[in-house]
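Below is one structure, written out as structure tokens; comments come after it.
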Amino acid sequence: MPPVFPMLTVLSMFYYMCLRRRARTATRGEMNSRRAIESNTRALPINVEIVQYAKEVLDFSSHYGSENSMSYTMWNLAGIPNVYPSSGDFTQTAVFRTYGTWWDRCPSARLPFTRTPSTFCSQDYVELAFEEPVYPTAVHILETYHPGAVVRILACSANPYSQNPPAEVRWEILWSEAPTKVNGPQARQFTPCIKQINFPTNLIRLEVNSSLLDYYTELDAVVLHGVKERPVLSLKTSMIDMNDIDEDEDEEKFACGMDTLNKQFSIVTLREWPTNGYFDKLPYELIQLILSHLTVPDLCRLAQTCKLLYQHCCDPLQYIHLSLQPYWARINDTSLEYLQSRCTLIQWLNLSWTGNRGAISVSGFSRFLKVCGSELVRLELSCGHFLNETCLEVITETCPNLQELNLSSCDKIPPQAFNHIAKVGSLKRLILYRTKVEQTALLSILNFCSELQHLSLGSCVMIEDYDLIASMMGAKCKKLRSLDLWRCKNITESGIAELASGCQLLEELDLGWCPTLQSSTGCFTNLARKLPNLQKLFLTANRSVCDTDIEELAANCTHLRQLDILGTRMVSPASLRKLLESCKDLSLLDVSFCSQIDNRVVLELNANFPNVFIKKSFTQ
């Protein structure tokens, strides 16, 4: 009879792996805020679980709502639920700015960066602070409409309420998964299995990807379960998903790669290798082509294998387009310093989401651009809260060829700093969504940047007179193709007339939630007649849009692909039929809360025009 001890050893090892995995999973508890209950993990000694709702929303990348109200804003995630367990479209929830793939299929869409790792698919984020730092045991996300957008949950070692900032800020992934399609828009409590971390946290970050959703996802509250003392796992375990073990290995590999990223950047001396293998026989260009498919951490690892590949991995031609956004949690001044010698030819640079909480300093950013900015054509700095006036001044001085600048949600930049952008006369794309740009600076930018083709001024609340801005655009920005005026509060028919007369190449116009525009003035009819190239038009929440406007669009804007008339009370099914018959390329039509368009009409239109996604939202 063969000995059983080897088999017992294997089983013991497997059991140990299961216990290790179980240490990272969450336990469910009652959802009463800050109520202590006995932990279900039976930690030794018995620990007490704390349940708490988010105290404060610290940061976010975008939201559907206004900067001056609470409706559809990220700030609704603080505190107890407002809506859950009800389902439907409610203003008291947190809603991000986009959904689906519509924003990737319009004239303002930007080309994606290559070399983005498959594990990174996040499009938006929100960071939440809780009262008590705990070792997390569970995170509950209350989703009330079109769930399924959350793709990553992270925890931070920094305490946002501490008076003493830590020397090092660590982020750990508690849970991560690719976007999934959820059947139905109904509310749910999402409680993924999270891994155990070795530090207490009261700062949780949710990252979302809404590309698979049929409409905006709506979040109501986030509940953090945790214990004050680091739990010691007991032998009592429950069934384990074997797929989780593989996921953990992937996450650990990624974390390991990013932990050593700065060290790998800094390699300057290599030991002698006896041979470079068969790579010596390949043409230089072919090796460069092969390496162009690797991510940045993989390039750094490969550089340690032999001298030949080290030379290839450090070649500036490998860094013509560089996105550091997927590694936002670990990019700092040291990273930029080590990258300088490799990025002397860089043309596209994505530093979105990086540098916050002191990771990148003004001096570190400035040093990098002074060495690497001369060839820059595209610079993405979304949510870069380290940026100040000095940074914008350095950008304008060191990047003479810059054509695209994204400062979306850089809400810490002071108003006067935007004057420097006027010095970059070559700009073709400028994104100022949710910034503090003021009217004087914007007028200067429009006056000197006449090559602008794409301009985003959504939620720029410090502009006093949008009619004056529209008039300047009509006079100076003749090449404008897309314009985002989402939630601008004071543009009138006068500004629209100046804009339509001067910017007749416009293909995309977002006038959503602009309450001062009234159809009775003829402003929308004028738009339809003056802008025949329109492909995307958002008139969201303008209740005055009427049949005449829709019929003018049908007659003049036959290239229309996306139309949002959410909330209008004046549009009939007959005018929509004319529009759908005339605009053969139409793919998105949002008629949510349009009082004359009921579900029966939507079903009929869907049957007759199957290639058009007709959205009708609801509230229960």
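Values as computed for the structure displayed
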quantity: Odd one out for ASN526, checked against (1) open to solvent by 50 Å² or more (accessible area, probe 1.4 Å); (2) more than 25 Å from ARG105 (Cβ to Cβ); (3) not hydroxyl-bearing (Ser, Thr, Tyr); calculated: (1)
quantity: Residue that is farthest from GLU285 (Cα to Cα), among those in region 307-332 that are among the hydrophobic types (A, V, I, L, M, F, W, C) and assigned to a loop (DSSP other than H, G, I, E, B); calculated: ILE331
quantity: Top-ranked residue in region 581-592 [being open to solvent by 10 Å² or more (accessible area, probe 1.4 Å) and free of Cβ contacts under 8 Å to residues at least 60 places away in the same chain; ranked as nearest to the chain's Cα centre (by Cα)]; calculated: ASP585
quantity: Complete set of residues in region 184-209 that are closer than 30 Å to TRP103 by Cα and assigned to a loop (DSSP other than H, G, I, E, B); calculated: GLY184, PRO185, GLN186, ALA187, THR191, PRO192, ASN209
quantity: Residue list for region 494-507, restricted to those being surrounded by fewer than 23 Cβ atoms within 10 Å (Cβ to Cβ) and either outside any loop (DSSP other than H, G, I, E, B) or in the same structural domain as GLN416 (by the TED database) (or both); calculated: SER494, ALA497, GLU498, ALA500, SER501, GLY502
quantity: Restricting region 165-183 to residues that are part of a loop (DSSP other than H, G, I, E, B) and either of a type in the set (Val, Ile, Thr) or within 13 Å of THR217 (Cβ to Cβ) (or both), the residue that is nearest to the chain's Cα centre (by Cα); calculated: PRO179
quantity: Residue pairs meeting the criteria (Cβ under 7 Å; at least 6 apart or on separate chains; first within 15 Å of LEU505 (Cβ to Cβ), in region 525-553; second of a type in the set (Gly, Ala, Ser) and open to solvent by 10 Å² or more (accessible area, probe 1.4 Å)); calculated: LYS530/SER501
quantity: Those residues of region 342-372 which are open to solvent by 10 Å² or more (accessible area, probe 1.4 Å), modelled with pLDDT of 95 or more and touching a Pro at 6+ places or on another chain (Cβ under 8 Å), in sequence order; calculated: THR344, LEU345
quantity: Selection within region 460-493 - open to solvent by 60 Å² or more (accessible area, probe 1.4 Å), closer than 13 Å to LEU442 by Cα and either touching a strand residue (DSSP E or B) at 6+ places or on another chain (Cβ under 8 Å) or part of a helix (DSSP H, G or I) (or both); calculated: LEU468, LYS476
quantity: Hey, SER450 of a type in the set (Gly, Ala, Ser), under 30 Å from LEU345 (Cβ atoms), buried (at least 17 other Cβ atoms within 10 Å of the Cβ) and not assigned by the TED database to the domain that holds ILE496 or not; calculated: no
quantity: Conditions (1) more than 23 Å from ALA109 (Cβ to Cβ); (2) surrounded by fewer than 19 Cβ atoms within 10 Å (Cβ to Cβ); number of the one not met by ILE597; calculated: (2)
quantity: Members of region 289-306 found to be part of a helix (DSSP H, G or I) and loosely packed, with under 15 Cβ neighbours inside 10 Å, listed by number; calculated: LEU289, ILE290
quantity: Selection status of TYR338, in contact with a Leu (Cβ under 7 Å, 6 or more places away or on another chain), open to solvent by 40 Å² or more (accessible area, probe 1.4 Å) and in a helix (DSSP H, G or I); calculated: no
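The values are calculated or read from the model by the stated rules, or taken from the named source; none is laboratory data. Because the structure is a prediction, the values reported are computed rather than measured. Positions of Cβ are generated from backbone atoms using ideal geometry, with glycine treated the same way; all protein chains shown enter the neighbour counts. The accessibility values were calculated without ligands, DNA or RNA, using every heavy atom of the protein model including side chains. Shrake-Rupley method; radii C 1.70, N 1.55, O 1.52, S 1.80 Å.
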